[in-house]
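Working notes, beginning with the structure itself.
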Amino acid sequence: MASYLRTGIRRNAKTWVTVLPAGKTVEMVSGTRLVDAVLLTGAELPRRCGGHARCGVCHVMVLHGGRGLSKARKDERERIAQIGGEQSQSRLSCQAVLGRHEVTIELVNH
Ligand code: FES
């Protein structure tokens with residue numbers, strides 16, 4: 001039986017995340033957070049607020065596959081606007097949940 005997060009993303013499907021500038025790709029399970037993929041590549045990614053959309057240091061640019069991620073909630077959109085992120089491509093990796101589509105991101109605070 002399929003299980004769903006409140007984001008509506010089906011869990012247990014596989015997807016791939018490529019993290020630039022290192023260019024490393026990791027296989028992930030749908031329903032996990034984007035930040036977990038970044039950390040799995042071995043990249044350094046500070047999370048000062050503990051993943052609560054308050055600090056913005058986990059900000060990434062989504063270069064490909066953004067439509068496959070969960071929708072940004074109001075607190076994430078507000079934080080991105082405060083840090084001057086590009087609204088159409090910016091995500092807080094602690095908030096974005098992976099779907100079934102491959103994603104390519106670039107670290108901003110690298
Ligand atoms: S860890 Fe603070 S906003 Fe993501």
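The values are calculated or read from the model by the stated rules, or taken from the named source; none is laboratory data. Remember, predicted model here, so these are calculated numbers, not experimental data. Positions of Cβ are generated from backbone atoms using ideal geometry, with glycine treated the same way; all protein chains shown enter the neighbour counts. Ligands, DNA and RNA are excluded from the accessible area calculation, which covers all protein heavy atoms including side chains. Shrake-Rupley method; radii C 1.70, N 1.55, O 1.52, S 1.80 Å.
Overview of values
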| item | result |
| --- | --- |
| Residue identified as surrounded by fewer than 17 Cβ atoms within 10 Å (Cβ to Cβ) and outside any strand (DSSP E or B) among Cys94, Cys49 | Cys49 |
| Long-range neighbours under 9 Å by Cβ, at least six apart or interchain, first residue within 13 Å of Asp36 (Cα to Cα) and open to solvent by less than 80 Å² (accessible area, probe 1.4 Å) within segment 12-26, second modelled with pLDDT of 95 or more and of a type in the set (Phe, Trp, Tyr) | Thr25/Trp16; Val26/Trp16 |
| Extreme residue, farthest from the ligand (Cβ to nearest atom), among residues of segment 56-71 that are open to solvent by 30 Å² or more (accessible area, probe 1.4 Å) and not in a strand (DSSP E or B) | Arg67 |
| Near pairs, Cβ below 8 angstrom, 6+ apart or cross-chain, from segment 57-84 (touching a residue at least 60 places away in the same chain (Cβ under 8 Å)) to any residue that is among the small types (Gly, Ala, Ser) | Ser70/Gly8; Ser70/Ala96; Ser70/Gly99 |
| Boolean, Arg48 is within 14 Å of the ligand (Cβ to nearest atom) and of a type in the set (Lys, Arg) | yes |
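Here's the yes/no breakdown for (1) more than 15 Å from Asn109 (Cα to Cα); (2) among the small types (Gly, Ala, Ser); (3) out of contact with any Leu (no Cβ under 7 Å at 6 or more places or on another chain):
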residue: Lys14; (1), (2), (3): yes, no, yes
residue: Thr32; (1), (2), (3): yes, no, no
residue: Glu44; (1), (2), (3): no, no, yes
residue: Cys58; (1), (2), (3): no, no, no
residue: Met61; (1), (2), (3): no, no, yes
residue: Arg67; (1), (2), (3): yes, no, yes
residue: Gly84; (1), (2), (3): no, yes, yes
